[in-house]
Amino acid sequence: MSQQAQTLVDKVWDRHIVSEQPDRPSMIYIDLHLIHEVTSPQAFAALEERGLKLRQPERTVATMDHSTPTDPRRLEVLDGQSRKQLDLLRRNCEKYGVTLYGLGHNRNGIVHVIGPELGLTQPGMTIVCGDSHTSTHGAFGALAFGIGTTEVSHVLATQCLLQHRPKSFEVRVDGELPEGVGAKDIALAIIAEIGTDGGTGHVFEFRGSAIEALSMEGRMTLCNMSIEAGARAGLVAPDEKTFAYLEGRDFAPKGAAWQAAVADWRSLSTDEGATFSRSLTLDASKLAPMITFGTNPGMGQAIDKDLPRPEDLGSDQAAAELQKALDYMGLESGKALLGHPVDVVFIGSCTNSRISDLREAAEIFKGRQVAEGVRTLVVPGSQDIKRQAEAEGLDAVFRAAGAEWREPGCSMCIAMNGDQLSPGQYAVSTSNRNFEGRQGRGGRTFLASPRTAAAAAIKGCVTDPRTVKAG
Amino acid sequence: MEALKSLTAQALVVHRDNIDTDQIIPARFLKVTDKAGLGDALFADWRYAEDGTPKADFVLNQPWAKGRKILVAGQNFGSGSSREHAPWALLGYGFRAVLARSFADIFRNNALKNGVLPVALGEAEHGKVLAALAANRDEALTVDLEACAVSLGGERIASFEVDAFARHCLLNGLDQLGYLLHFEADIARYEAERSQRAY
């Protein structure tokens, strides 16, 4: 194996094989396990039932994010069921010796934001979490994927998982992105191209000059959305940007260990001549700001295009699916989406709540006002980001524009914490899913970049961000 | 996990592609701390009006739909989140098998670990099932995990693939944790080697 040219995915995979048996999936070792309040209770219960211990408590790290209120009053507005989940996570962490960055902790935040921020996420690692957007951590050259609660219990008890080696899918993006187009637009363009199941059974490796040019935040946004194309994971080979991001962070190796780590991490790239199961190539220079119009992330297109027509689609089933989506969204085929009124703008989530996302949005908000009747929420991904944004005065920009500056959490991306759309409302959202009811029952979501979301907030309608200059 | 060898049962059809986990069970039902009782939340937003009354036009609410154990759907069933509440809700309602054109990866894994069998069918075979159920909604299907085959009226109409180990576990009602624990020595050896690393 080692003689052959290998993909990055295979290199990371091979480092983690604990045991291989005939007719069985491989048993692979998990370096980092992240947990949160919603998908861990039943896993701890499974341990309890069998009287098992946590094998490696220091390899599991917990946060509270999914159901935590972003209202500054936090605990006062917490509902009973959520409180019970948070209390249970706290008790489980105490009992099993797991470090918890819980509600009220000064490093608390969304699980996929704080992992990299704390330097827990490192190149070459295997990282899992009971959350599909674990793919985010692939930005560091880690093999990171979401798992169910049963598998959470497997990792707690054995630090291992039974998995089949994934197939590699090369996503090459070369060229220079036009002004006003960013990582979120690349992600939405890829999903529009291959569909929400285009990556099933595969792991994406994002490569090419446009990927190299992305910041770590941009790479996280891109890898985060891998799951929306059906790929459980997506990764980018680590480079100088990766090392510069990690150096000095709390859990990053220090001193001689840092030197050794970087030397090792430099070997983590796909060898020349290695073959991928599939490949897709995109020209970054041809991309435009993207927006979704339907009820899955694959139903997206350039923001200035007219809505597709069911009658133009190849199959009856596809036409029926599109019509259902347009009906749910209250949109008419063939019409423009630009200028469509918006009720809510949400800037946040594990996809787009990092400091660069907030800076991008603030550029648009600066010196302007949110349009009348539009509710705008800006939800930083973590306490660290909140502090950084406040140090830069971004919170003041948002507040002066009439937007709400909230406490960190998943918030309106999953709408479990009270931040949600009312039936029929339209939102431009920087989150990752536009499924029916995702942001509140009956709510209708247009997914887009922070820049596009901010432009919609100030204009009160779907707006091409290229027509709104930085304030 | 309850074993599943062969299941002969009536089916329900929700013929949509990309049925995501937010439709299977909306996020507001994820605030529980156990697995029980989620059957009532299955397809909640399609099944109930906002005031909680059942919607007359949704298939799960038809009087004849009670007790059906096989769900038939379209392509990419279970896309979206990793919530295991999705198979818990399907199982809670009584479904033991989902027949679809294809499945999302995480859902497939989660379903198999909970005794819900995902059966991916080719276009022609899927079409046969739909046609048979359109002609007679009470037609019973047999999903035979030992033979990896689907039959209609005693006639085998499709074969399907399942991961060999998941099949073994489902046939015997085993969960995988017991198997993993059996490799304690290998894990310890791996960890010992790992601790030699310079960082």
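Taking R0 as 35 Å, what's the FRET efficiency between B:Phe58 and A:Glu58 from their Cβ-Cβ distance, rounded to 0.05?
About 0.15, to the nearest 0.05.
Count, for each residue of A:131-138, the Cβ atoms from other chains sitting within 10 Å of its Cβ, then give me the mean as a whole number.
2
Once Lys and Arg get +1 and Asp and Glu get -1 on their Cβ, which of B:Ala135, B:Ala111, B:Leu121 lies farthest toward the positive end of the dipole of region B:100-199?
The residue sitting farthest along the positive end of the dipole is B:Ala111.
Hey, how many Å between the Cα centroid of region B:75-116 and the Cα centroid of region A:224-271?
33
Go through A:Ala453, A:Gly330, A:Asn417 and say which Cα lies farthest out towards the positive end of the charge dipole of region A:328-469; charges sit on Cβ, +1 for Lys and Arg, -1 for Asp and Glu.
Value computed over the given set: A:Gly330.
How shielded is A:35-45 by partner chains, expressed as the average number of their Cβ atoms within 10 Å of its Cβ atoms?
Counting other chains' Cβ atoms within 10 Å and averaging over A:35-45 gives 3.
Compute the distance in nm between two label points, each set 7 Å from the Cα along the Cα-to-Cβ direction, one at B:Glu139 and one at A:Glu372.
Here the modelled spin labels are 6.0 nm apart.
Starting from the amide H of B:Lys69, placed 1.01 Å from N in the peptide plane, find each other amide H under 5 Å away whose residue is 5 or more places distant or on another chain.
B:Gln10
How do the peptides A:327-338, B:104-115 rank, highest first, by the average count of neighbouring beta carbon atoms within 10 Å per residue?
Result, highest mean Cβ count within 10 Å first: B:104-115, A:327-338.
Report, to the nearest 10°, how far helix B:123-135 tilts away from the longest principal axis of the Cα atoms in chain B, using its own Cα long axis and a range of 0 to 90°.
Computed tilt is about 40 degrees.
Straight-line reach from B:Lys113: which lysines have a Cα under 27 Å away, not including same-chain ones fewer than 8 places off?
Here the lysines satisfying the reach criterion relative to B:Lys113 are A:Lys53, A:Lys84, A:Lys95, A:Lys167, B:Lys5, B:Lys31, B:Lys35, B:Lys66, B:Lys69.
With a 1.4 Å probe and every protein chain kept in, tell me what percent of the accessible surface of region A:192-258 is carbon plus sulfur.
52
To the nearest 0.05, what FRET efficiency results for B:Glu191 and A:Glu212 with a Förster distance of 45 Å applied to their C-beta separation?
According to the calculation, E is roughly 0.80.
Between A:Glu94 and A:Gln323, what length comes free when the chain is fully extended (0.36 nm per residue of separation minus the Cα-Cα distance, one decimal in nm)?
Value of the extension gain: 77.4 nm.
Quote the FRET efficiency, to the nearest 0.05, computed for B:Ala9 versus A:Glu176 with a Förster distance R0 of 60 Å and r equal to the Cβ-Cβ distance.
Between B:Ala9 and A:Glu176 the formula returns 0.55.
Work out the length of the dipole vector of region A:1-157 about its Cα centre, built from +1 on the beta-carbon of each Lys and Arg and -1 on the beta-carbon of each Asp and Glu, and round it to the nearest 20 debye.
For region A:1-157, the charge dipole is close to 340 debye.
Could you please state, rounded to a whole Å, how far the C-alpha centre of region A:184-214 is from the C-alpha centre of region A:289-305?
15
To one decimal place, what orientation-averaged projected area in nm² is obtained for the convex hull of the Cα set of region A:106-172?
Projected over every direction and averaged, the Cα hull of region A:106-172 covers 5.5 nm².
So what's the gap between the Cα centers of region B:122-164 and region B:4-28, to the nearest angstrom?
That distance is 15 Å.
Report the paramagnetic label zone for A:Asp306: residues of region A:323-352 whose backbone N is under 11 Å from a point 7 Å from Cα along the Cα-to-Cβ axis.
A:333-337, by backbone N distance to the label point.
In whole Hz, what ³J(HN,Hα) sequence does region B:46-51 give by Karplus (6.51, -1.76, 1.60; θ = phi - 60°), x for Gly and Pro?
The phi angles translate into 8, 8, 10, 6, 4, 7 Hz.
As I understand it, the dipole of chain A uses +1 on the Cβ of Lys and Arg and -1 on the Cβ of Asp and Glu, about the Cα centre. Which of A:Leu8, A:Met220, A:Phe398 lies farthest toward its positive end?
Of A:Leu8, A:Met220, A:Phe398, it is A:Phe398.
About its Cα centre, what dipole magnitude does region A:402-450 give when the only charges are +1 on Lys and Arg Cβ and -1 on Asp and Glu Cβ, stated in debye to the nearest 20?
180
Check cross-link reach from A:Lys335 to the lysines: straight Cα distance under 18 Å, and skip same-chain residues fewer than eight apart.
A:Lys335 reaches A:Lys305, A:Lys324.
Within 10 Å of each Cβ of B:185-191, how many other protein chain Cβ atoms are there on average?
Going residue by residue through B:185-191 and averaging, the value is 5.
Would you kindly state the longest site-free stretch of chain B, with sites defined as GluC sites (Glu not before Pro) in a DSSP loop (not H, G, I, E, B) surrounded by at most 13 other Cβ atoms within 10 Å?
It runs B:51-145.
Hey, can you grab everything whose amide H is under 5 Å from the amide H of A:Thr270? Only 5+ residues off in sequence or another chain; H modelled, so Pro and N-termini drop out.
HN-HN under 5 Å from A:Thr270: A:Leu8.
Need one number: buried accessible surface between chains B and A, 1.4 Å probe, both sides summed, DNA, RNA and ligands left out, in Å² to 100.
Interface between B and A: roughly 5600 Å².
Quickly work out the A:Lys286-to-A:Ala470 label distance, labels modelled 7 Å from Cα along the C-beta direction, and quote it in nm with one decimal.
2.9
Compute, for chain B, the length of the dipole vector about the Cα centre, with Cβ point charges of +1 (Lys, Arg) and -1 (Asp, Glu) only. Units Debye, rounded to 20.
For chain B, the charge dipole is close to 160 debye.
Please give, to one decimal in nm, the separation of the simple spin-label points placed at A:Arg73 and B:Ala124, each 7 Å out from Cα toward the Cβ.
Between A:Arg73 and B:Ala124, the simple spin-label model gives 6.4 nm.
The values are calculated or read from the model by the stated rules, or taken from the named source; none is laboratory data. These numbers come from a predicted model, not from an experiment. Note that we place each Cβ from the backbone using ideal geometry, even for glycine, and neighbour counts take in every protein chain shown. We work out accessible area using only protein heavy atoms, side chains counted, and drop any ligands, DNA or RNA first. Shrake-Rupley method; radii C 1.70, N 1.55, O 1.52, S 1.80 Å.
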